[in-house]
Amino acid sequence: MNALSLALTALVALCTAFAALYLVASRINNYGIVDIAWSYAFGALAIFYALAGPGWVGRRALIAALAVAWSVRLGTHLWIRVMAHHPIEDGRYQQLRHDWAANFTVKMVGFFQMQAASVVMLGVAFLIASLNPTPHLHPLEIAGTLLWFVALGGEALADAQLAVFKGDPANRGQVCAIGLWRLSRHPNYFFEWLVWVAFFFFALASPGGWLAVIGPASILFLLLRVTGIPMTEAQTLRTKGDAYRRYQQTTSAFVPWFPKNQ
């Protein structure tokens, strides 16, 4: 199969799967499960490309392994978080219910389909790498792999630190400002973006690899301007008020950096 056939096959399969997922979400009345599915879908996509792609088997196996490990870690983390609060829905989706109240069903169906399409679009790095027949790894692929380890470790550490903080009843209603969260208001988002930078570096070693820039570029835009920081901070301000406003004044929003003195 060529690149277009692989991508179209993946798109049809994922759109079908996310349509079915919408029915499940509406049945259990919790649309937050789409975040879980979105995360796991990248692993499935990478496995499909690795099995069907015509490139060197070593490269296909490596990019699939990196994608699956990241996908499973993030998806499982989100599964635990979403299910811990079920049937109470994540605040972002509660807000969407309010914002889309006039035409909620149609907009949410479209939202689920957009999630499916975004997996194929962002997963172009996996596709490009799986097409490359060169029978050895390029230094860019090695660099991308090393950066991936740093990024995944940072993301996992940020999630663990936040979980420990929230797990202490004494911290109820307080703002997490420990560890990486002292250096960034969203270290998990920063390292998540860095994972996509790593995938981009990996893809750059293959013909047409520059197209994979759509991954880190899109993720950065979403995190900074759309569903990441803006929605998360709006929700946190509603629940933690002035304490979070003070945190905003002293702590970098995205890139970990030294806190400002007040």
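The values are calculated or read from the model by the stated rules, or taken from the named source; none is laboratory data. Remember, it's a predicted structure, so these values are computed and weren't measured experimentally. With ideal geometry, Cβ positions are generated from the backbone for all residues, glycine too; neighbour counts draw on all protein chains shown.
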Residue under evaluation A160, criteria (1) outside the structural domain of R27 (by TED's automatic domain parsing); (2) within 14 Å of the chain's Cα centre (by Cα), criterion not met: (2)
Selection count, segment 126-163, where residues are more than 30 Å from V57 (Cα to Cα) and touching a residue at least 12 places away in the same chain (Cβ under 8 Å): 5
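I'd like to check something: does segment 52-66 contain any residue that is over 19 Å from T134 (Cβ atoms), surrounded by 14 or more Cβ atoms within 10 Å (Cβ to Cβ) and not assigned by TED's automatic domain parsing to the domain that holds L146?
Keep residues of segment 52-66 that are over 19 Å from T134 (Cβ atoms), which gives none.
No, the conditions are met nowhere in segment 52-66.
Give segment 67-85 a look and list any residue that's of a type outside the set (F, W, Y), farther than 30 Å from T134 by Cβ and either more than 21 Å from the chain's Cα centre (by Cα) or surrounded by 14 or more Cβ atoms within 10 Å (Cβ to Cβ) (or both), or say none. It would help to see each step written out before you state the result.
From segment 67-85, those of a type outside the set (F, W, Y) are 67-69, 71-78, 80-85; that's our starting set.
Subsequent filtering for residues that are farther than 30 Å from T134 by Cβ retains 75-78, 80-85.
Once the filter is applied, which keeps residues that are of a type outside the set (F, W, Y), farther than 30 Å from T134 by Cβ and either more than 21 Å from the chain's Cα centre (by Cα) or surrounded by 14 or more Cβ atoms within 10 Å (Cβ to Cβ) (or both), segment 67-85 yields G75, H77, L78, R81, V82.
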Given (1) crowded, with 18+ Cβ neighbours inside 10 Å; (2) of a type in the set (G, A, S); (3) closer than 30 Å to A3 by Cβ, number of the condition S184 does not satisfy: (3)
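How many residues does segment 98-119 hold that are closer than 22 Å to Q235 by Cα and either in contact (Cβ under 8 Å) with a residue 12 or more places away in the chain or outside any helix (DSSP H, G or I) (or both)?
Residues in segment 98-119 being closer than 22 Å to Q235 by Cα and either in contact (Cβ under 8 Å) with a residue 12 or more places away in the chain or outside any helix (DSSP H, G or I) (or both): 5 in total.
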Residue check for A243: under 25 Å from I128 (Cβ atoms) and of a type outside the set (D, E): no
Checking A69 against (1) closer than 26 Å to H138 by Cα; (2) assigned to a loop (DSSP other than H, G, I, E, B); (3) not hydroxyl-bearing (S, T, Y), the condition it does not meet: (2)
Matching option when the condition is crowded, with 22+ Cβ neighbours inside 10 Å, in the same structural domain as L66 (by TED's automatic domain parsing) and within 17 Å of F42 (Cβ to Cβ), among A198, A203, A125, A117: A125
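Looking for something more than 20 Å from Q174 (Cα to Cα), of a type outside the set (V, I, T) and over 18 Å from the mean Cα position of the chain (by Cα) - is there at least one such residue anywhere in segment 225-246?
So far as segment 225-246 goes, no, none of its residues is more than 20 Å from Q174 (Cα to Cα), of a type outside the set (V, I, T) and over 18 Å from the mean Cα position of the chain (by Cα).
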